[in-house]
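Undergrad: Structure below; questions to follow.
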Amino acid sequence: MNLPGTGIIKGMVETARNFVGSYHDPERLTTIEYPEERLTQPENARSFPMLIFDDDPVKGLRCVACKICEKECPPQCIYIVQDRDERGKPRKFPRIFDLDISVCMSCQICVEVCPFDSIKMNTEFELSTDDRFGRLLLHRDDLAKSNEYYHQIHATEAAEVDARLADEKAKAEAKAKPAAAKPASPVPTAAKAAAPAQPAAPVKSPAADKPAAKPASPAEPAAA
Amino acid sequence: MRPDSAEPDLSALSTGDLVVESPAAVPAPPPPATSGFELTPKPATAPDADRGLLEVAIGPHHPSTHGVFRLNAVLDGERIVRFKPVFGYLHRNHEKIGENGTYLSAMPYTDRLDYFCSLSNNWAYALAVEKLAGLAVPERADYIRIITAELTRIQNHAALIGFLLQELGAMGTPLMYAFREREKILDLFEALTGARMMCNYLRFGGCRCDLPAGWLEECRRVVEGLPRFFDEFENLLSTNEILMARTQGIGVLPPELAVSAGVTGPMLRASGVNYDLRKVDRYGLYDRFEFRVPLGEHGDVYDRYMVRILEMRESAKILQQALREVPGGPIVDPKVKLRNFRPKAGEAYGRLESPKGELGFYLISDGSTNPYRYRIRPPSFINLTILEDMCQGLTLQDALVILGAVDIVMGEVDR
Amino acid sequence: METLDVIKTRAEAAVPGAQLALAPNGAVPAEASLVVDSAHAAAVARFLRDDPQLQLDYCSNVTGVDWLEASIKEKIKTRKLVDGVEKEVEETVEHKRPGHLEAVYHLYSMKLKHGPLVLRQRTANRVDQVRVASLTPVWRSAEFQEREAYDLFGIVFDGHPDLRRILMWDEFQDHPMRKDYVEPDDYEYEPTAHDDVLDKARRHYPVEEHP
Ligand code: SF4
Ligand code: SF4
């Protein structure tokens, strides 16, 4: 049996060692002074979703308003309205894309289900505000972030995505050539254009399906 | 005020076959010396008051702030006669949410059950769904699951011991030591899954993404540093006289009662029952690793503390073995669809050894994309069943220590 | 562990009068379940716990399941004489499943380390005959879980020592895990942030295009 009190003294020695260590040993000194000092975030870090565009923040959005993410989002915090052209024909573009980040739980499921690589996770975390609706209900233009920014925050993942998109584009072009040679490919119905529900759809649908008044945007070929 | 005639009424406790230890065995405290400040007793109205019993509602909030809940205690002097936990302050009907969504959409919600151990929760749910749909998991994914689950166990136990000491009045120090180590593990989780606590990492038939470059090396480095932390923690606590005086012989849980009450996890093993699902069910690839199951002898709070320390050491051993040989290959079964996942009709109960005990998911499928029935067997909720039995005849201060050693997280208890 | 058929026969012999049935399980065939009538449930449960070959001393999971009334279509293959030749014909048989509640128990043995055995008790309907026998006297672990099943499903466990609501508050009326539960839309209503969001959305986008 130990002398009474030795256990406490042992503990005190341990705390003393930690106290002294905290002046020189990086293992012991683990806190940083936050707003002045910052830790680098790991590449996989995630906060809330953002929409990727290629050149133009509006026209260049990769999102085709297929609403898959809206359907799969567990807390239902995405709200999408598809754009229509002057004749009321649906366009593959979100007129409204609202995301309520006070409801969003950063689960990343929208990113996983999006077949067009258009929604990705941001890493920005200093979002506290007293304006619930102005700053926490994000609209399409708040969400739009450039591909370069995406490369900055998730370098590896973004490189993979770019390679995949380039690959798909090449495949689609190779496919489009014979398809364009054939006359009278079926005219797309509104419903079909509105809901390319299958993830494989972007590769399969021939480019001739496109409406004639196709906006010249480099993002679209991914969907074509 | 303690009239000698006070015979605590235990009728509410008699549960048929069960023999509940009578609080009469506990020596009665000496009658308090009358002081000049004694309050004049109020006219008795309630029957409890007749017998000098006092009902105290502790909470909602304090019970050492494991979360919001209330303890209704009936005291006879300082001794506890009845002790009923009241739940539901954090109830959000998680099971209904699970039934209203698809199989996949329940996965991020499981993170929020026991928010200390989201990766074990993910695994338990994935295990149940894999059993239901008959999916196999690639070897590499199983290794990653074991590594993350054991890291989860270590950080949960470390934090729990810190909180337990906090309840004993050791403000801060042990908890901060635990949190320092926990931070390192959470950094690993963040690098792997993108989030520190709400990981949402596992998928049916594997994991969501592969290990990032350099993660294994970083993990090895952290695991190498763990034994030093355990030694330090034990130097600080294990022989501390105050800790021993406050925990030894307190909250004794006899093994028969523990088994009957469905107590699981470190609490069960502290009572000397050898039942660890990693050994019993051999889910994942646990039979490839060598580790021992620490058992307690007395079933008191000190044993629960010690079992957790030893379990952390065993977990570190598993980690060392697993990190030596993580195989290559795919991390997810490519045949499993993310969307429109429909297991065929039937039911399955999948369970695993989470840090808090047996975490089970019971699923009934009717062949649609949503589970027909989605039930969670929450270990910390069921471990609370015998809280009252353990606290009988003790003081409130002891009761809070006992509660701390049960290891509860209200997110899981209330669901 | 013995097969369910053997257990059933032995339980029937040990508890005279017990009406046991097997319920198949499409997903994990080894985990079919044993349906027991409430009158003999406690005796059967005691047999399962004390029988030296079973020793199911640990009741892991207790929960309720709500089955609405439904008609179930089943395809059965039968042999029939068609034009004088015997042929295998697939027939669709439709039968009604009356609505009922179910209490499900998952039993394991900590001593012998086997399991699970799934025990079920069924109520006659979902409205007024919702009583089953409580197994808390046999396994203490059922205490809180049966309270939860009572609270969320409205199954009444006869013989439970302390059957009160556990997760919902005591004054609450309905049973929220039932399949036909409708959330009261005026209950404790307070304006939430979402109302304003909706309002604002309406002002901004007057044409409601969202389906
Ligand atoms: S799934 Fe992708 S492409 Fe479809 S609406 Fe969502 S973000 Fe846009
Ligand atoms: S991260 Fe999850 S919660 Fe947030 S928008 Fe995407 S799917 Fe919805």
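Undergrad: For chain B, take the longest principal axis of its alpha carbons; what is the angle in degrees between that and the long axis of helix B:396-406, to the nearest 10 within 0 to 90?
TA: Relative to chain B, helix B:396-406 is tipped by roughly 20 degrees.
Undergrad: At 222 nm, what helix-only mean residue ellipticity would chain B give, in deg cm²/dmol to the nearest 500, using -39500 (n - 2.57) for each DSSP H run of four or more? Write out the running numbers ahead of the final one.
TA: Values: 16 runs with 177 residues, N = 415.
That calculation yields -13000 deg cm²/dmol at 222 nm.
Undergrad: Considering only protein heavy atoms and a 1.4 Å probe, what is the carbon-and-sulfur percentage of the accessible area of the range B:217-274? Could you put the intermediate results ahead of the total?
TA: Details: 1150 of 2040 Å².
The computed percentage sits at 56.
Undergrad: Need the C-alpha centroid separation for the range B:294-346 versus the range C:1-63, integer Å.
TA: Spelled out, the Cα-based centre of one part sits 31 Å from the other.
Undergrad: Right, another one. So what's the net charge close to C:GLU69: Lys and Arg +1, Asp and Glu -1, counting the other residues with Cβ under 14 Å from its Cβ?
TA: Values: positive: C:LYS96, C:ARG97, C:ARG122, C:ARG126, C:ARG178, C:LYS179; negative: C:ASP66, C:GLU94, C:GLU102, C:ASP180.
Around C:GLU69, the charge tally is +2.
Undergrad: Here's another thing I want to ask about it. Work through the residues other than C:ALA103 whose Cβ is under 9 Å from its Cβ and net out their charges, Lys, Arg +1 and Asp, Glu -1.
TA: On the way: positive: C:ARG120, C:ARG122; negative: C:GLU102, C:GLU146.
Net charge around C:ALA103: 0.
Undergrad: Which residue, B:LEU236, B:LEU168, B:LEU186, tops the fluctuation ranking in a GNM of chain B built on C-alpha contacts under 10 Å?
TA: Looking only at B:LEU236, B:LEU168, B:LEU186, the biggest GNM fluctuation is shown by B:LEU236.
Undergrad: Once amide H atoms are built 1.01 Å from N in the peptide plane, which residues 5 or more positions from A:PHE93, or in another chain, come under 5 Å H to H?
TA: A:ASP83
Undergrad: Shielding by partners for A:102-109, please: the mean number of other protein chain Cβ atoms within 10 Å of each residue's Cβ.
TA: Working: counts 3, 3, 0, 7, 5, 10, 8, 9.
For this peptide, the per-residue mean of nearby foreign Cβ atoms is 6.
Undergrad: Sticking with this structure for a sec: Using Cα pairs closer than 8 Å and at least 6 residues apart in sequence, work out the relative contact order for the range A:68-125, in percent. Write out the running numbers ahead of the final one.
TA: Values: 70 pairs, mean separation 19.5, N = 58.
Relative contact order here is 34 percent.
Undergrad: Which ³J(HN,Hα) values in Hz, rounded to whole numbers, follow from the phi angles of the range A:66-71 under the Karplus curve 6.51 cos²θ - 1.76 cosθ + 1.60, where θ = phi - 60° and Gly and Pro get x?
TA: 7, 6, 5, 5, 4, 6
Undergrad: Now a separate question. Can you give the relative contact order of the range B:76-169 as a percent, counting alpha carbon pairs under 8 Å and 6+ residues apart?
TA: So the answer I get is 20 percent.
Undergrad: Still on this structure: Hey, got the average number of other protein chain Cβ atoms within 10 angstrom for residues in B:235-244?
TA: Details: counts 7, 9, 4, 3, 7, 7, 8, 3, 3, 1.
Mean shielding by partner chains, rounded to a whole number: 5.
Undergrad: Counting protein heavy atoms only and a 1.4 angstrom probe, how many square angstrom of accessible surface do chains C and A bury in total, to the nearest 100? It would help to have the intermediate numbers written out before the result.
TA: Values: alone 13650 and 14340 Å², together 26950 Å².
Using a 1.4 Å probe on protein heavy atoms, the buried area is about 1000 Å².
Undergrad: Here is a follow-up. What residues qualify as long-range amide H neighbours of C:ALA133, i.e. H under 5 Å apart, gap of 5 or more or another chain, H built at 1.01 Å from N?
TA: C:ASP158
Undergrad: Set the Förster distance to 41 Å, then compute FRET efficiency between B:ARG324 and C:LYS87 from the Cβ-Cβ distance, nearest 0.05. Please list the in-between numbers first.
TA: Details: r = 62 Å, r/R0 = 1.51.
The computed FRET efficiency comes out at 0.10.
Undergrad: Just give the residues from the range A:7-22 buried by at least 10 square angstrom of accessible area in the all-chains context relative to the isolated chain, probe 1.4 Å, and say none if nothing qualifies.
TA: At a threshold of 10 Å² (probe 1.4 Å), the residues of the range A:7-22 that become less exposed are A:GLY7, A:ILE8, A:LYS10, A:GLY11, A:GLU14, A:THR15, A:ASN18.
Undergrad: Accessible area per residue of chain B at 1.4 Å probe, in Å²? All intermediate terms of the calculation are to be shown ahead of the outcome.
TA: On the way: 14860 Å² over 415 residues.
Per-residue accessible area for chain B comes out at 36 Å².
Undergrad: Summed for both chains, how many Å² of accessible area, to the nearest 100, are buried between A and B with a 1.4 Å probe? Kindly include the intermediate steps, with their values, before the conclusion.
TA: On the way: alone 14340 and 18240 Å², together 29810 Å².
Chains A and B together bury roughly 2800 Å² of accessible area.
Undergrad: Rounded to the nearest 10 degrees, what's the angle between the helix B:301-324 long axis and the longest principal axis of chain B, both from Cα atoms, 0 to 90?
TA: Roughly 10 degrees, rounded to the nearest 10.
Undergrad: How high is the relative contact order of chain B, in percent, with contacts defined as C-alpha pairs under 8 Å that are six or more residues apart? Spell out each step's value before the answer.
TA: Details: 731 pairs, mean separation 99.5, N = 415.
Computed over chain B, the figure is 24 percent.
Undergrad: Calculate, for the range A:117-160, the solvent-accessible area per residue in square angstrom, rolling a 1.4 angstrom probe over the heavy atoms of the protein chains. Kindly include the intermediate steps, with their values, before the conclusion.
TA: Working: 2260 Å² over 44 residues.
Spelled out: the 1.4 Å probe surface of the range A:117-160, per residue, equals 51 Å².
Undergrad: What angle do you read, to the nearest 10 degrees and between 0 and 90, between the alpha-carbon axis of helix B:139-167 and the longest principal axis of chain B?
TA: Its long axis makes an angle of about 20 degrees.
Undergrad: With charges set only on the Cβ (+1 for Lys and Arg, -1 for Asp and Glu), what does the dipole of the range B:138-281 come to about its Cα centre, in debye to the nearest 20?
TA: Value, rounded to 20: 280 debye.
Undergrad: Between the range B:205-251 and the range B:105-184, how many Å separate their Cα centres?
TA: Comparing the Cα centres of the range B:205-251 and the range B:105-184, I get a distance of 12 Å.
Undergrad: What part of the accessible area of the range B:354-415, given as a whole %, is carbon or sulfur when the probe is 1.4 angstrom? The partial results should precede the final answer.
TA: On the way: 330 of 640 Å².
Carbon and sulfur: 51 percent of the exposed surface of the range B:354-415.
Undergrad: So, one more: At the nearest 100 Å², what buried accessible area, both sides summed, do you get for B and C when the probe is 1.4 Å? Can you show the working numbers first?
TA: Details: alone 18240 and 13650 Å², together 27790 Å².
Counting both chains, the buried surface is close to 4100 Å².
Undergrad: At 0.36 nm per residue, minus the direct Cα-Cα distance, what do B:GLU256 and B:LYS344 gain on full extension? Give it in nm, one decimal, please.
TA: Working: separation 88, 0.36 × 88 = 31.68 nm, distance 3.93 nm.
That works out to 27.7 nm of additional length.
The values are calculated or read from the model by the stated rules, or taken from the named source; none is laboratory data. A quick note: this is a predicted structure, and the numbers were derived from the prediction, not measured. Cβ atoms come from the backbone with ideal geometry, glycine included; neighbour counts cover every protein chain shown. For the accessible areas, the whole protein counts, side chains as well, though only heavy atoms, and no ligand, DNA or RNA atoms are used. Shrake-Rupley method; radii C 1.70, N 1.55, O 1.52, S 1.80 Å.
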